[in-house]
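For reference, the structure discussed in these notes is given below.
The values are calculated or read from the model by the stated rules, or taken from the named source; none is laboratory data. Predicted model, so just to flag it, every value in this text is computed and none were measured. Reconstructed Cβ throughout: ideal geometry from the backbone, glycine too, with neighbour counts over all protein chains shown.
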Amino acid sequence: MEFWNKIGYYEIYHSRFCVTLLLCLNSSGECKNELVHRIRTPWTLSNEKVWKKTHKLGGRLFKIVGIITFFAIFSSDFYSINAIIYNFCYFYTIAYSYFEYKKEERK
């Protein structure tokens with residue numbers, strides 16, 4: 001019962017955020033090329049194959065981030081864990097899309 005007494009507003013808010021993140025990213029791999037949401041870089045928008053590969057990888061990575069974040073809520077270093085994980089996945093996805101674009105450009 002002591003565990004439930006430690007849960008506060010921020011834990012509930014962040015757990016809802018994680019669930020929303022997981023649900024929104026569930027279809028990220030199948031999304032169409034649009035300018036409003038998703039991973040938008042010039043090289044990703046210019047090539048449909050790169051768009052699909054990038055969003056497939058990004059969807060998987062950020063689903064994992066959502067799960068890790070959900071369990072990290074109860075950690076004392078929640079914000080630093082989140083910052084490191086989100087930034088790593090964000091920059092990794094952008095770098096991946098750039099290298100995929102260069103690979104497609106050479107073909």
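Assorted remarks:
- For region 51-61, residues that are touching a Cys at 6+ places or on another chain (Cβ under 7 Å) and surrounded by 21 or more Cβ atoms within 10 Å (Cβ to Cβ) total 1.
- Members of region 92-107 that are in contact with a helix residue (DSSP H, G or I) (Cβ under 8 Å, 6 or more places away or on another chain), of a type outside the set (S, T, N, Q) and over 14 Å from Lys49 (Cβ atoms): Tyr92
- Residue, modelled with the lowest pLDDT, within region 50-74, restricted to residues that are aliphatic (A, V, I, L, M) and assigned to a helix (DSSP H, G or I): Ala72
- Test: residue in region 36-48 that is modelled with pLDDT under 85 and within 12 Å of the chain's Cα centre (by Cα): yes
- Near pairs, Cβ below 9 angstrom, 6+ apart or cross-chain, from region 84-107 (in contact (Cβ under 8 Å) with a residue 24 or more places away in the chain and among the acidic types (Asp, Glu)) to any residue that is loosely packed, with under 13 Cβ neighbours inside 10 Å and assigned to a helix (DSSP H, G or I): Glu100/Lys49; Glu104/Lys49
- For Lys32: the one exception among (1) outside any helix (DSSP H, G or I); (2) modelled with pLDDT of 70 or more; (3) surrounded by fewer than 14 Cβ atoms within 10 Å (Cβ to Cβ); (4) not hydroxyl-bearing (Ser, Thr, Tyr): (2)
- For region 75-92, the set of residues classified as at pLDDT 90 or above and either in contact with an Asp or Glu (Cβ under 7 Å, 6 or more places away or on another chain) or surrounded by 13 or more Cβ atoms within 10 Å (Cβ to Cβ) (or both) consists of Tyr92 only.
- Condition met for Ser27 (part of a loop (DSSP other than H, G, I, E, B), under 25 Å from Ser15 (Cα atoms) and either more than 10 Å from the chain's Cα centre (by Cα) or at pLDDT below 85 (or both)): no
- When region 65-91 is filtered for residues that are out of contact with any helix residue (DSSP H, G or I) (no Cβ under 8 Å at 6 or more places or on another chain) and within 27 Å of Thr44 (Cα to Cα), the ones remaining, listed by number, are Ala83, Ile84, Asn87, Phe88, Tyr90, Phe91.
- Region 59-83, residues that are hydrophobic (A, V, I, L, M, F, W, C) and more than 13 Å from Ser15 (Cβ to Cβ): Leu61, Phe62, Ile64, Val65, Ile81, Ala83
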